[in-house]
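Presented below is the structure to which this report refers.
Here, each number is a calculation from the coordinates, and none is a lab measurement. Keep in mind that what you see is a predicted model, and the values were worked out from it rather than measured. Every residue, glycine among them, receives a Cβ derived from its backbone with ideal geometry; neighbour counts consider all protein chains shown.
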């Protein structure tokens, strides 16, 4: 997905999340974010949207604290109001250099990140309300790439440093052409590519299910996956890759 698509998709996902929550009890607990309710989830993701817009508009060259603004009494309306400025980031050059916490120090990092920040927290809201998240397969495929590419830079999550060794993981999206990943751990971390191969463990499922699994929003025991080989390898990965 390119910069223009990312801006549009992120805004669409914000609208989708706001629509889902429009009649919800915001005191509903969010099981995938222990200790949070839907109100806290909205506050978090809406704050990320506004912070990212702030960073991109300033082309920030270092981390800048979010500007605090008024949320008002209607949190869902406040969340929805974030869609327009996110969509407006399309006018920014994705190649402009700026600070990010990830691999790419560009505007494009942030517009892509907003897609997946929103998609995953939309999924949190859907799971809390007992409905299946409606996420398109291309978003999921890009999200797995984005996650694997940026995970080593998630310095706030110390267990990520444990993702090393000699084992390998093959992920196979069963519903989307090209949705395959080979993850090879090594002494310094891991590498990944889109090749087909035999890993220490293989996990098969839809692209969206694999995406949510890697984001800690799914379970290998849900009946949605087939696992072949050494189950302990993927269990180890999931236990240490949480951000």
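Using a simple spin-label model with points 7 Å from Cα along the Cα→Cβ vector, what separation in nm is obtained for residue 90 and residue 195?
Roughly 3.9 nm, to one decimal.
Between 0 and 90 degrees, rounded to the nearest ten: what's the tilt of helix 107-128 against the longest Cα principal axis of the chain?
Approximately 80 degrees, to the nearest ten.
Before rounding to the nearest 500, sum -39500 (n - 2.57) across all DSSP H runs of length at least 4 in the chain and divide by the residue total; then give [θ] at 222 nm in deg cm²/dmol.
Rounded to the nearest 500, it is -13500 deg cm²/dmol.
Where Rh denotes the Kirkwood radius from the mean inverse Cα pair distance, what is Rg over Rh for the stretch 150-243? Intermediate results must be reported in sequence, preceding the final value.
Working: Rg = 12.5 Å, Rh = 13.4 Å.
Rg/Rh for the stretch 150-243 comes to 0.93.
Taking every DSSP beta bridge with both residues inside the chain, roughly what % is antiparallel (nearest 5)?
75
Rounded to a whole number of µm²/s, how large is the Stokes-Einstein D of the chain at 37 °C and 0.692 mPa s, given Rh as the Kirkwood radius over C-alpha pairs?
It diffuses with D of about 176 µm²/s by this estimate.
Over the stretch 3-134, consider all pairs of different Cα atoms and compute the Kirkwood hydrodynamic radius from their mean reciprocal separation; express it in Å, one decimal.
When all Cα pairs of the stretch 3-134 are included, the Kirkwood radius is 15.0 Å.
Residue 57 to residue 187: FRET efficiency via 1/(1 + (r/R0)^6), r the Cβ-Cβ distance, R0 51 Å, to the nearest 0.05?
About 0.80, to the nearest 0.05.
Run the numbers for residue 101 and residue 136: contour at 0.36 nm per residue of separation, minus the present Cα-Cα distance, in nm.
Working it through step by step, the gained length comes to 10.0 nm.
Could you state the angle between the C-alpha long axis of helix 3-21 and the longest principal axis of the C-alpha atoms of the chain, as a value from 0 to 90 degrees rounded to the nearest 10?
Between helix and principal axis, roughly 80 degrees.
What's the FRET efficiency of residue 159 with residue 23 using the Cβ-Cβ distance as r and R₀ = 30 Å, to the nearest 0.05?
Working: r = 38 Å, r/R0 = 1.25.
With a Förster radius of 30 Å, E is 0.20.
In what sequence, highest mean first, do 218-226, 42-50 appear when ranked by Cβ atoms within 10 angstrom?
42-50, 218-226
Report, in degrees rounded to the nearest 10, the 0 to 90 angle that the Cα long axis of helix 231-240 makes with the longest principal axis of the chain.
Between the helix axis and the principal axis of the chain, the angle is about 30 degrees.
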